[in-house]
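All of the numbers you see were taken from the coordinates with simple rules; none came from a lab. Owing to the predicted nature of the structure, the values given are computational and were not obtained by experimental measurement. No Cβ is skipped: glycine too gets one built from the backbone with ideal geometry, and neighbour counts run over all protein chains shown.
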Amino acid sequence: MSAPVKKNDRLTVYIEDLTHDGNGVAKVDGYPLFIQGALLEETCEVHVLKTLKNYGFAKVVNVVEPSPDRVDAPCVYFKQCGGCQLQHLSYEGQLKWKQKMVENVMRRLGKIDAPVHPVKGMQNPWNYRNKSQIPFAKDEAGKLVAGFYKTKSHSIVDMERCLIQMDEADRVLDALKYDLARLGVTPYDEKSHQGQLRHVVVRKGRATDEVMVVLVTKSAKLAEKDAVIGAIRERIPNVTSIVQNVNSEKTNVIFGDRTFTLWGEDVIEDTIGDVRFEISARSFYQVNPIQTEVLYQQALDYAQLEGGERVIDAYCGIGSISLFLAQKAGQVMGVEIVPQAIEDAKRNAELNGFTNTYFEAGPAEEVIPRWYKEGKEADVLVVDPPRKGCDEALLNTIIEQKPKRVVYVSCNPATLARDLRILEDGGYKTKEVQPVDMFPHTTHVECVALMSRVDE
């Protein structure tokens, strides 16, 4: 049976749903069309771009009856840039959609019936990113361009500013490309593997106002190095660290293995609540500091600490959540598979004067059972895994070791729902889920879930 529509058809459809990545869903005789730029409960004239056996893709030509939540996207690059997906949806509408999306995923994928609370959003959902990774390249005319990638491509939109990143990154974006071109610093070309500058990464400590600029280059040799340093310092007066990272591989991965400081300090500092952190060029650190505090406070609230508990943080990274918990816990033990992150965690604990923390490098599913055998049982176990969710072995470890409470911090509702289901089948009950909007104007949402043992 062939699809009821074909490529290049124009038709008017009603949008009855949104996908997890923010595309509208319309059905033509039961055949789903995924439509970029369409919003829930809109009537749109669309142009069919591609048809497959079971579904197709289309784009909006004209909005006949707009959603009450539709707004004009304030960014002039919105329709080209792949960084934001939801600027055409009011912020209130974004929060409502994200709550519904989390609810649907919990019910559909996880068969979880716990309440999903309204999303904790931002008072000002703009200029929130404290880290920007800006690719540099040449356009077809040979002009140096910098910006962010077009949707589903590695073609750069040449931009002067970005509404969700900090002012310092805008200044780099707007001006540094001209300085670098003038100084003869050539941008890297992915196809030919020629050129020097791949990315400029800008990081900022919100509380300290310290800025780090990282130049990611193909080789250690940097043309006009002193002049480049001078240009950055002139453009960004509050820069305290200029770092070079070398990535000589043919890869989409941004950072290489070699990093060295060109000028200033090796790290910048920031605080989350009352906890200080040192941030290096390659440290993992949440990009929205205002909402990070909301997220970590939620994890702390769910942990329900009274002062004597032992907490295990199973994906502790540089210790950001661990140290937040250490303010109220008797002891916090963190495990992370990346040795450098563990060194960062130990240093950050020392920086804050914590004496009730212990960090160890290794696989959580191996380290935690050993801790239990040594009598170091957890009252509360906290996990904050990558997007793929928890390792199956770690979930089995949790079920076997039976901590009283599990606090699950997640950046992917789908893998969260999957893992909660496994834990529920293993003797836990999901009490509630609190979404937090870490990335306004995008389709991403963080969640914190509280689980307790059924026998508690």
**Percent RCO, i.e. relative contact order, over the chain, from Cα pairs under 8 Å lying at least 6 residues apart** = 12
**Kirkwood estimate for the range 244-352, i.e. one over the average of 1/r between Cα atoms, Å** = 15.2
**Prompt:** Sorted by average packing, counted as other Cβ atoms within 10 angstrom per residue and highest first, what order do 432-438, 245-251, 42-48, 360-366 take?
**Reply:** 432-438, 42-48, 360-366, 245-251
**Asked** What is the extension gain from residue 338 to residue 186, computed as 0.36 nm multiplied by their sequence separation minus the C-alpha to C-alpha distance, in nm to one decimal?
**Response** 51.4 nm
**Request:** Would you mind pulling out the separation of the Cα centroids of the range 166-187 and the range 397-423, in Å?
**Result:** 44
**Request:** Name the residues whose placed amide hydrogens come within less than 5 Å of the amide hydrogen of residue 359, ignoring near sequence neighbours (fewer than 5 apart) on the same chain.
**Result:** 334
**Prompt:** Ranked from highest to lowest mean number of other Cβ atoms within 10 Å per residue, what is the order of the peptides 401-413, 190-202?
**Reply:** 401-413, 190-202
**Fill in**
Expressed in angstrom and rounded, the centroid-to-centroid distance over alpha carbons for the range 306-335 and the range 72-128 is 30
**Request:** Select one label from [x] 1.06; [y] 1.11; [z] 1.40: the one whose number is Cα Rg over 2.2 N^0.38 Å as derived from the coordinates shown.
**Result:** [x]
**Fill in**
The alpha-carbon center of the range 18-64 and that of the range 231-298 are separated, in whole Å, by 40
**Asked** aspartates and glutamates within cross-link reach of residue 50: Cα-Cα under 12 Å, excluding same-chain residues under 8 positions apart?
**Response** 9
**Request:** Output ³J(HN,Hα) for the range 156-171: one whole-Hz value per residue in order, computed from phi by the Karplus curve 6.51 cos²θ - 1.76 cosθ + 1.60 with θ = phi - 60°, and x for Gly and Pro.
**Result:** 8, 7, 6, 10, 9, 7, 10, 6, 9, 10, 5, 4, 4, 5, 4, 5
**Message:** If R₀ is 56 angstrom, what is the calculated FRET efficiency for the pair residue 61 and residue 454, using the beta carbon separation as r and rounding to 0.05?
**Reply:** 0.60
**Prompt:** What residues have an amide H closer than 5 Å to that of residue 145, excluding those fewer than 5 places away on the same chain, when H is modeled at 1.01 Å from N in the peptide plane?
**Reply:** 137, 138, 139
**Item:** Relative contact order %, the range 218-341, counting alpha carbon pairs below 8 Å whose residues are six or more apart
**Value:** 16
**Item:** Whole-angstrom Cα spans of the range 10-65 along principal axes, big to small
**Value:** 29, 25, 18
**residue 17 long-range amide H proximity, modeled H, under 5 Å** = 25, 41
